[in-house]
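Values quoted throughout were computed directly from the atomic coordinates according to the rules given, and no laboratory measurement underlies them. These numbers come from a predicted model, not from an experiment. Every residue, glycine as well, gets a Cβ built from its backbone with ideal geometry; the counts of neighbours run over all protein chains shown.
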Amino acid sequence: MAEAPESTLMEKVVNLAKRRGFIFPSAEIYGGFRSTYDYGPLGVQMLRNVKNAWWRSMVQNRDDVVGLDAAILSPPAIWAASGHLTTFSDPMVDCRNCNERFRADHIGDTCPSCGSKDLTDARDFQLMFKTHAGPVEDDGSVAYLRPETAQGMFTNFLNVQTTSRKKPPFGIAQIGKSFRNEITPGNFVFRTREFEQMEMEFFVPPAEAQQWFEYWVAQRYEWYLDLGMPAEKLQLRPHDADELSHYSAGTTDIEFQFPWGWGELEGVANRTDYDLKAHSSASGSSLEYYDQASNERYTPYVIEPAAGATRAMMAFLLAAYDEDEVGGELRTVLRLDWRLAPIQVAVLPLSKKPELEPLAREVLGKLQQHFYCDYDATQSIGKRYRRQDEVGTPWCVTVDFDSLEDGAVTVRERDSTDQVRVALDHLIAELINRTQR
Ligand code: ATP
């Protein structure tokens with residue numbers, strides 16, 4: 001397997017993402033808009049696959065985690081209690097020469113943009129997006145766009161606990177958009193102002209917090225490996241004591257080796273009872289759990305695996321990108337796990353001749369019940385295979401003239417390019433079997 005050179009990997013993936021409809025710069029016809037991106041036909045599907053893989057492992061396959069979808073618009077009271085209004089800010093410095101603004105912890109004592117040493121002192125910059133709910137723009141109508149999904153799980157802790165009749169240890173999971181007015185967005189979708197998170201708050205008896213923390217670090221690391229991330233591109237990094245968030249008694253980041261260095265994919269934190277206690281005292285509604293069996297009342301500790309869906313998708317694209325040679329020709333291939341591939345099976349009639357279409361469409365209809373499919377009848381078959389390889393399609397099914405006689409089709413596998421003839425009656429079983437390997 002040929003390794004794509006790291007220096008240009010980023011450019012190649014960004015180009016591929018644009019060219020094949022994964023990710024477009026937002027508002028491009030107006031010249032673009034400040035590090036915002038739109039997810040095209042293949043991108044929205046792949047992002048959905050990343051989120052589905054997370055939901056399946058965190059909610060569907062467990063009986064101790066339930067889902068939630070909370071509002072994005074939220075009152076200042078939530079963010080005052082959570083600590084975000086006072087502490088959710090990054091110290092910033094401005095360059096007096098070129099007026100660029102940078103995170104103080106990202107630069108030394110010279111401006112990375114123009115090299116000037118004439119920088120302001122560091123000042124706090126509030127990262128939350130503020131808006132007004134309703135027609136009047138006064139202090140009473142202030143609302144914030146959530147900067148994390150987590151607070152929805154804390155404020156709904158008792159609603160969810162009582163309606164789902166769960167007892168700690170149990171978790172609440174949520175996937176959704178979050179917004180941060182990042183000073184230095186960049187590196188494609190690694191850091192954007194609007195992004196998607198996949199977070200789960202796991203409520204536990206305080207004495208069990210450390211053991212669950214270790215459990216979730218291991219589980220979440222395994223999730224990336226299971227979806228095909230190479231182990232050498234992943235690392236676990238425990239935070240130093242002086243780096244911990246205001247709520248955390250321990251955090252370990254799961255990091256990916258991006259082309260510019262190691263970067264966080266996900267943080268697993270022991271948030272203690274900080275948030276539930278803060279909301280209990282600020283709202284006056286007790287968020288304690290009453291354990292009938294032991295007749296005890298306590299505030300659970302919370303273990304939180306917090307991942308970025310959009311950032312994870314980018315990492316999966318970077319890890320999957322490869323170039324090799326097939327039949328003496330250079331080929332670009334995304335070696336995506338079939339669960340993440342935006343197209344899982346492509347149905348390709350060998351030629352555009354009308355005789356092939358009815359059978360090819362019948363095959364498509366059957367496959368669509370199980371897989372995300374594409375149907376492509378234009379260009380030579382070799383070119384169509386390359387187009388599918390480039391977007392990571394694991395299997396191509398070719399319908400040819402023999403198919404009309406023998407009721408069989410050719411299944412081609414992306415990585416090996418191996419082709420086998422499969423009877424139509426066995427096609428679904430054959431492909432499902434391949435997903436199990
Ligand atoms: P960073 O140090 O990179 O700013 P963070 O530690 O503030 O991240 P968390 O608050 O732990 O991030 O958020 C959990 C996850 O959400 C991150 O691991 C990342 O995957 C994702 N995330 C956070 N901020 C952004 C962003 N601006 N753009 C894209 N994804 C983000």
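Worth pointing out:
- Condition met for Arg311 (among the basic types (Lys, Arg) and within 16 Å of the ligand (Cβ to nearest atom)): yes
- Among the residues examined, Asp242 does not qualify as surrounded by 14 or more Cβ atoms within 10 Å (Cβ to Cβ) and either of a type in the set (A, V, I, L, M, F, W, C) or on the phi < 0 side of the Ramachandran plot (or both).
- Applying the criterion of being surrounded by 13 or more Cβ atoms within 10 Å (Cβ to Cβ) and in contact with a strand residue (DSSP E or B) (Cβ under 6 Å, 6 or more places away or on another chain) to the residues of region 73-90, the residue that is nearest to Leu340 (Cα to Cα) is Ser74.
- One residue stands out among those in region 316-344 that are basic (Lys, Arg) and closer than 15 Å to Tyr385 by Cα: the one that is nearest to the chain's Cα centre (by Cα), which is Arg335.
- When region 187-210 is limited to residues that are more than 10 Å from the ligand (Cβ to nearest atom), of a type outside the set (Asp, Glu) and surrounded by fewer than 20 Cβ atoms within 10 Å (Cβ to Cβ), the one that is farthest from Leu73 (Cα to Cα) turns out to be Ala207.
- Annotation note: of Thr36, Thr8, the sole residue that is loosely packed, with under 12 Cβ neighbours inside 10 Å and β-branched (Val, Ile, Thr) is Thr8.
- Looking only at residues in region 263-277 that are more than 17 Å from the chain's Cα centre (by Cα) and within 14 Å of the ligand (Cβ to nearest atom), the one that is nearest to Ala81 (Cα to Cα) is Asp275.
- Residues that are assigned to a helix (DSSP H, G or I) and either within 21 Å of Ala309 (Cα to Cα) or within 15 Å of the ligand (Cβ to nearest atom) (or both), drawn from region 233-255: Lys233, Asp242, Glu243
- Only one of Tyr298, Tyr321, Tyr289 that is in contact (Cβ under 8 Å) with a residue 24 or more places away in the chain, in contact with a helix residue (DSSP H, G or I) (Cβ under 6 Å, 6 or more places away or on another chain) and not hydrophobic (A, V, I, L, M, F, W, C): Tyr321
- Within the span defined as region 295-306, one or more residues are surrounded by fewer than 23 Cβ atoms within 10 Å (Cβ to Cβ) and within 13 Å of the ligand (Cβ to nearest atom).
- Exactly one residue out of Ser178, Ser164 is of a type in the set (Gly, Ala, Ser), touching a residue at least 24 places away in the same chain (Cβ under 8 Å) and more than 16 Å from the ligand (Cβ to nearest atom), and it is Ser164.
- Residue count, region 324-338 (criterion: in a strand (DSSP E or B) and either hydrophobic (A, V, I, L, M, F, W, C) or touching a helix residue (DSSP H, G or I) at 6+ places or on another chain (Cβ under 7 Å) (or both)): 6
- Near pairs, Cβ below 9 angstrom, 6+ apart or cross-chain, from region 262-276 (outside any strand (DSSP E or B)) to any residue that is among the aromatic types (Phe, Trp, Tyr) and within 13 Å of the ligand (Cβ to nearest atom): Tyr274/Tyr247; Asp275/Tyr247
- Subset of region 149-161 (residues that are within 16 Å of the ligand (Cβ to nearest atom) and either over 12 Å from Leu287 (Cβ atoms) or touching a helix residue (DSSP H, G or I) at 6+ places or on another chain (Cβ under 7 Å) (or both)): Thr149, Ala150, Gln151, Gly152, Phe154
- The residue pairs whose first member lies in region 73-100 and is closer than 15 Å to Thr149 by Cα, whose second member is of a type in the set (Asp, Glu), and whose beta carbons are closer than 7 Å, counting only pairs six or more residues apart or on different chains, are Ser82/Asp275.
- Checking each residue in region 287-314 for being β-branched (Val, Ile, Thr) and in a loop (DSSP other than H, G, I, E, B) picks out only Thr299.
- Single condition Ser141 does not satisfy, out of (1) in contact with a His (Cβ under 8 Å, 6 or more places away or on another chain); (2) within 21 Å of Arg180 (Cβ to Cβ): (2)
- Among residues of region 211-239 that are exposed (fewer than 15 other Cβ atoms within 10 Å of the Cβ), those with a beta-carbon under 6 Å from a residue that is not charged (D, E, K, R) at least six positions away or on a different chain give the pairs Leu236/Thr252; Pro238/Thr252.
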